[in-house]
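Below is one structure, written out as structure tokens, with a few remarks after it.
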Amino acid sequence: MTRSLLLASLLATAAFAATTAHAAGDKEAGRLKTYTCHGCHGVTGYKNAYPNYHVPRIAGQNFEYLVAALKGYQTGDRSHPTMRAQGESLSAQDIEDIAAYLAGLTP
Amino acid sequence: MNRLFPLFVLATTLAVSSLAQAAGNAEAGKALAAPCTACHGADGNPTDPQYPRLNGQYRDYLQEAMLQYKNGKRKNAIMSGFMQPMTEQNIADLSAYFASLPGGKLGDLSHPPAAK
């Protein structure tokens, strides 16, 4: 009984640690790393050319989605020349930091 | 004048085709949106952070993203599957619907940090 309880609490703790470790981005580091992003995503109404559409709003977007999107530009699952170049310059930690900062913004 | 006529036709065609791409009907989009809400939330704000917020996003960006999932330029197993049966008009309608929802929590970046 005690042993299974101990095992269960160990598992629960491990699961909790894994979840929190997942969202390990550092917001303040991310804030500095978004300097380049402002060139397009910081200009309200700024448009991509050929094809013509608004550059997306990313402030307030969800953390995990932002991480997946940036990794998609890195791997080529998403094709956008500018974002591909940005993605390739980022480490996994950079991506988590940037995503944590952006997800924490409340426009 | 006669020589300019083809140019006029071309310009008119271009203007009309860009208008046609932009037009979407939010009401028609609402009728198509039920499957989307399972992941993206009833109001376009998902509870699971692995899915993006659609509420508050630019209409034409939503449209471009969905077109790219349809044509394979953007790869995602779930979204490619959902976009395959959609026509370009369906995608325009869905974009108009999600962009029309109130309560958006997305914004453009503001106040860039100072360069290091």
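Counting only helices (runs of 4 or more DSSP H) that fall entirely inside the stretch A:57-106 and contain at least 3 residues that are surrounded by fewer than 21 Cβ atoms within 10 Å (Cβ to Cβ) and within 11 Å of chain B (Cβ to nearest Cβ), the qualifying elements are A:63-75. Scanning the stretch B:71-116 for residues that are surrounded by fewer than 17 Cβ atoms within 10 Å (Cβ to Cβ) and among the acidic types (D, E) returns a single hit, B:E88.
For the stretch B:92-100, state whether one or more residues are without any contact (Cβ under 8 Å) to a residue 24 or more places away in the chain, within 14 Å of another protein chain (Cβ to nearest Cβ) and closer than 23 Å to A:A59 by Cβ. Looking through the stretch B:92-100, none of the residues is without any contact (Cβ under 8 Å) to a residue 24 or more places away in the chain, within 14 Å of another protein chain (Cβ to nearest Cβ) and closer than 23 Å to A:A59 by Cβ. Taking residues in the stretch B:63-88 that are in contact (Cβ under 8 Å) with a residue 40 or more places away in the chain and in a strand (DSSP E or B), and partners anywhere that are small (G, A, S) and crowded, with 21+ Cβ neighbours inside 10 Å, not one pair has Cβ atoms closer than 7 Å while being at least 6 places apart or on different chains.
Give the residues of the stretch B:47-62 that are assigned to a loop (DSSP other than H, G, I, E, B), at negative phi and within 14 Å of the chain's Cα centre (by Cα), sorted by residue number.
Passing the criteria: B:P52, B:R53, B:L54, B:N55, B:Q57, B:Y58.
We did not get these values from a lab; they are worked out from the coordinates using the rules stated. Just so it is clear, the model here is predicted, and its values are computed rather than measured. With ideal geometry, Cβ positions are generated from the backbone for all residues, glycine too; neighbour counts draw on all protein chains shown.
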